[in-house]
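These notes concern the structure reproduced below.
The values are calculated or read from the model by the stated rules, or taken from the named source; none is laboratory data. Bear in mind that the values here come from a model prediction, so they are computed numbers and not experimental data. Positions of Cβ are generated from backbone atoms using ideal geometry, with glycine treated the same way; all protein chains shown enter the neighbour counts. For accessibility, only protein heavy atoms count, side chains too; no ligands or nucleic acids. Shrake-Rupley method; radii C 1.70, N 1.55, O 1.52, S 1.80 Å.
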Amino acid sequence: MNDLYVENELEKLKCLSGSTLKLIAIFAMLIDHIGAVIVAGYFSFAVDVSKVSKIYEGFRIVGRTAFPLFCFFAAEGFLHTKNRLKYIVRVCIFAFLSEIAFDLAFSEAIFDLSHQNVMFTIALALIGLYCHDMIAKKFEKNIYKVIAIFPIIAAAFLAYILKTDYSYAGVIAIAVMYLFGSNKILGFFVGAAVLAFSFKGIEVFAIFAGIPILCYNGKRGLNIKYFFYLFYPLHLLALRIVFNFLEKGWSLYG
């Protein structure tokens with residue numbers, strides 16, 4: 001009786017759909033980027049730098065929960081999509097479209113090769129997983145199946161060379177969450193741990209993204225996939241415009 005009660009109570013906790021989790025991730029990302037673009041830009045004008053530093057760190061800590069959630073849904077999307085190649089192409093297209101907005105937001109340049117946006121990290125992870133599954137299927141009952149891991153390693157290496165956001169750790173995190181299969185919760189926490197231990201510092205707060213994941217009910221919810229694809233570059237452009245406007249005010253009245 002007690003076991004049944006506990007089981008029922010745990011089921012009640014699973015109240016968040018996939019679309020709700022995506023909105024949580026989008027909100028956390030927005031907070032993170034406000035810190036990275038606007039709050040960080042205020043440092044050169046601030047009288048009390050220590051106060052601004054604390055605000056900046058608070059925004060970035062909240063933002064650490066965003067990418068693990070996006071990793072989770074990249075893995076989920078790859079697992080459940082009807083057309084994997086179409087899914088990969090869509091992510092690649094938006095990666096290229098988002099790059100100008102990303103460079104403007106963080107480098108104040110239209111084109112900057114020193115750091116590429118996170119959509120490239122996701123795209124490389126998906127390409128690595130696509131090749132992994134093809135090889136694993138071909139050598140399904142063969143010792144050579146072990147070589148299926150090499151496309152993922154290659155994708156992680158490319159992310160590192162191309163200097164994509166979250167680099168090799170982002171690729172590995174997505175791959176881990178996918179390869180854990182039906183054990184989604186464990187896969188998520190291992191993937192989040194990869195991010196936390198790869199970058200250390202405030203990245204340890206990536207683990208806290210596991211709280212909404214524990215409340216995930218496995219349902220799709222609203223179809224908002226294109227909302228994220230569009231929100232990513234548009235909010236970066238908006239933040240750059242807002243920063244430029246504020247910068248003029250800081251210069252005049254700072």
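Only one of these conditions is not met by residue 80: (1) closer than 25 Å to residue 172 by Cβ; (2) modelled with pLDDT of 95 or more; (3) open to solvent by 50 Å² or more (accessible area, probe 1.4 Å). Which number is it?
(2)
Of all residues in segment 39-74, which are charged (D, E, K, R), closer than 16 Å to residue 27 by Cα and open to solvent by 20 Å² or more (accessible area, probe 1.4 Å)?
60, the sole residue that qualifies.
Filter segment 15-38 for residues that are among the hydrophobic types (A, V, I, L, M, F, W, C) and in a loop (DSSP other than H, G, I, E, B) and give the result.
Within segment 15-38, just 15 meets the criteria.
Sort through 187, 221 and tell me the only one that's touching a residue at least 12 places away in the same chain (Cβ under 8 Å) and part of a loop (DSSP other than H, G, I, E, B).
Of the residues listed, the single one that is touching a residue at least 12 places away in the same chain (Cβ under 8 Å) and part of a loop (DSSP other than H, G, I, E, B) is 221.
Looking only at segment 186-217, filter to residues that are over 10 Å from residue 72 (Cα atoms) and among the β-branched types (Val, Ile, Thr); which one of those is surrounded by the fewest Cβ atoms within 10 Å (Cβ to Cβ)?
The extreme case among them is 211.
Is it fair to say residue 89 is open to solvent by less than 70 Å² (accessible area, probe 1.4 Å) and β-branched (Val, Ile, Thr)?
The answer is no for residue 89.
Could you check segment 94-134 and list, in sequence order, the residues that are under 15 Å from residue 168 (Cβ atoms), in a helix (DSSP H, G or I), open to solvent by 30 Å² or more (accessible area, probe 1.4 Å) and not aromatic (Phe, Trp, Tyr)?
Within segment 94-134, just 127 meets the criteria.
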